[in-house]
1. Report, by chain and number, residues whose modeled amide H sits under 5 Å from the one on Asp168, excluding near sequence neighbours (fewer than 5 apart, same chain).
2. What's the angle, to the nearest 10 degrees (0 to 90), between helix 36-45's Cα axis and the longest principal axis of the chain?
3. Could you tell me which of rounded, prolate or oblate describes region 71-190, using a ≥ b ≥ c as the square roots of the eigenvalues of the alpha-carbon gyration tensor, with rounded for a/c under 1.5 and, failing that, prolate when a/b is larger than b/c and oblate otherwise?
4. Taking amide H positions as placed in the peptide plane 1.01 Å from N, state which residues far from Leu89 in sequence (5 or more) or on other chains have amide H under 5 Å from it.
5. On full extension of the chain, what length is gained from Met197 through Tyr185, given 0.36 nm per residue of separation minus the C-alpha to C-alpha distance?
6. Return the calculated 222 nm mean residue ellipticity for the chain, to the nearest 500 deg cm²/dmol, obtained by summing -39500 (n - 2.57) across DSSP H runs with n ≥ 4 and dividing by the residue count.
7. What are the equivalent ellipsoid semi-axes of region 102-142, built from the alpha-carbon gyration tensor (square roots of five times its eigenvalues), in whole angstrom, biggest first?
8. So what's Rg/Rh here for the chain, counting alpha carbon atoms and using the Kirkwood radius for Rh?
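Computed from the coordinates by the stated procedures, all read-outs in this text should not be read as laboratory data. Here the structure is a predicted model, which means the values were calculated and not measured.
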Amino acid sequence: MKTPRKLSEELANLRAHAGERAVTLREVLYILGGRAYLLLVLLLALPFLTPIPLPGLSTPFGLAIALIALRLSLGQRPLLSKKLQRRTLPAGFITKLFSLAEKVLRFLEKFLRPRLTVLTDTPLLRQLHAVLMLLAALTLLLPLPIPFTNSFPAWAILLIAAGLLERDGVFILAGYVVFVAEVFYFVFLGEATARLMQELWQWWRG
């Protein structure tokens with residue numbers, strides 16, 4: 001049985017094909033081949049790993065991830081609408097993205113390996129992991145100009161997608177931990193916002 005290429009090798013192949021020109025998501029899917037959709041999920045999450053939100057990208061990328069995760073959660077073959085497949089990534093985007101992506105993936109690949117495979121090989125559990133990716137992607141759809149509001153869901157998506165691709169249950173669990181941290185972070189933001197609004201209201205009333 002042929003051993004699948006490493007994630008960094010898959011993405012390096014994509015970069016070689018794309019070069020500096022603009023590419024569509026359809027081309028990306030074709031180049032990535034058999035593991036295309038999970039690799040695409042991983043690729044689309046990469047720009048959001050940094051704490052600073054990226055306006056203009058989180059909504060379309062989050063929508064693409066959400067649609068793929070939704071079909072996976074239903075146990076269906078992933079599909080993207082023709083409109084989304086025609087979505088163009090700007091010229092040079094792949095090259096710029098890979099300056100970060102290759103470093104991140106080469107680091108992760110030092111730890112990625114098949115383990116706790118019951119978490120990755122059980123169909124029902126794979127659907128559950130897809131539900132978590134869907135929830136994280138819906139968070140990406142919110143264009144919030146607040147640090148870490150994109151990076152928490154992006155890391156959860158990245159870890160779960162990488163874990164599914166490499167059959168690594170430990171990475172899956174790490175993705176759940178990050179997602180729980182995201183929930184606590186948003187609860188904290190909500191409470192802080194409510195407290196601030198209350199104080200402003202009291203100040204306004206004198």
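1. Arg115
2. Between helix and principal axis, roughly 30 degrees.
3. Because its axes are fairly even, with a/c under 1.5, region 71-190 counts as rounded.
4. Val23, Thr24, Leu25
5. Additional length available on full extension: 2.5 nm.
6. Numbers: 10 runs with 142 residues, N = 206.
After summing the helix terms and dividing by the residues of the chain, the value is -22500 deg cm²/dmol.
7. 22, 20, 5
8. Working: Rg = 18.2 Å, Rh = 17.8 Å.
Rounded to two decimals, Rg over Rh is 1.02.
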